[in-house]
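Laboratory data are not the source of any read-out in this text; all were calculated from the coordinates shown. Remember, it's a predicted structure, so these values are computed and weren't measured experimentally. Here the Cβ is made from the backbone with ideal geometry for all residues, glycine too, and neighbour counts use every protein chain on show.
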Amino acid sequence: MVKPITWTKTARKARKNILEYWTEQNKSKIYSQKLSKQFRERTKYLSRNNYMGKPTGFKDVRVTVMGHFSMFYKITSSEIIIVGLWDNRRNPDDLRKNLEI
């Protein structure tokens, strides 16, 4: 069953920060555009394949990994909620405060 995707405020902010960081770091939007496309494609696939990600240690949260990035989400009866987007190269101790769970 295809479910709509909703991004939490925290997840939208993380996506924005990641894309802005890489635009500034590379002095170009090319990599950020590539990442943005990967995020869109993953959410589209996720909307059709809700349980593709692995369960996490967070209650009712699953994760799907895309290279250096992890997308954390919850499944409800009517939608998929993206609760966080994480660059796996960051300090894992900071992960919990960057998820809206």
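I'd like the full set of residues that are under 14 Å from the mean Cα position of the chain (by Cα) and under 14 Å from I18 (Cα atoms), limited to region 68-91. It would help to see each step written out before you state the result.
Of region 68-91, the ones under 14 Å from the mean Cα position of the chain (by Cα) are 68-75, 80-88.
Selection gives H68, F69, S70, M71, G84, L85, W86, D87, N88.
So the check is Cβ under 9 Å with 6+ separation or different chains; which pairs have a first residue in region 1-17 that's assigned to a loop (DSSP other than H, G, I, E, B) and a second one that's among the basic types (K, R)?
M1/R48; V2/R48; K3/R48
Which of the residues that make up region 45-54 are touching a strand residue (DSSP E or B) at 6+ places or on another chain (Cβ under 8 Å) and either free of Cβ contacts under 8 Å to residues at least 40 places away in the same chain or among the hydroxyl-bearing types (S, T, Y) (or both)?
S47, Y51, M52, G53, K54
Just wondering, is there one or more residues in region 32-54 that are surrounded by fewer than 12 Cβ atoms within 10 Å (Cβ to Cβ), over 15 Å from the mean Cα position of the chain (by Cα) and over 18 Å from P4 (Cβ atoms)?
No.
Look at R40 and say whether it is outside any strand (DSSP E or B), of a type in the set (K, R) and touching a residue at least 40 places away in the same chain (Cβ under 8 Å).
no
Taking region 64-90 as the search range and keeping residues that are outside any strand (DSSP E or B) and of a type in the set (S, T, Y), which one is surrounded by the most Cβ atoms within 10 Å (Cβ to Cβ)?
Applying the filter and picking the extreme gives T76.
Scan region 24-35 and report the pairs whose first residue is without any contact (Cβ under 8 Å) to a residue 12 or more places away in the chain and whose second residue is surrounded by 11 or more Cβ atoms within 10 Å (Cβ to Cβ), with Cβ atoms within less than 7 Å and a gap of 6+ or a chain change.
K29/T23; Y31/W22
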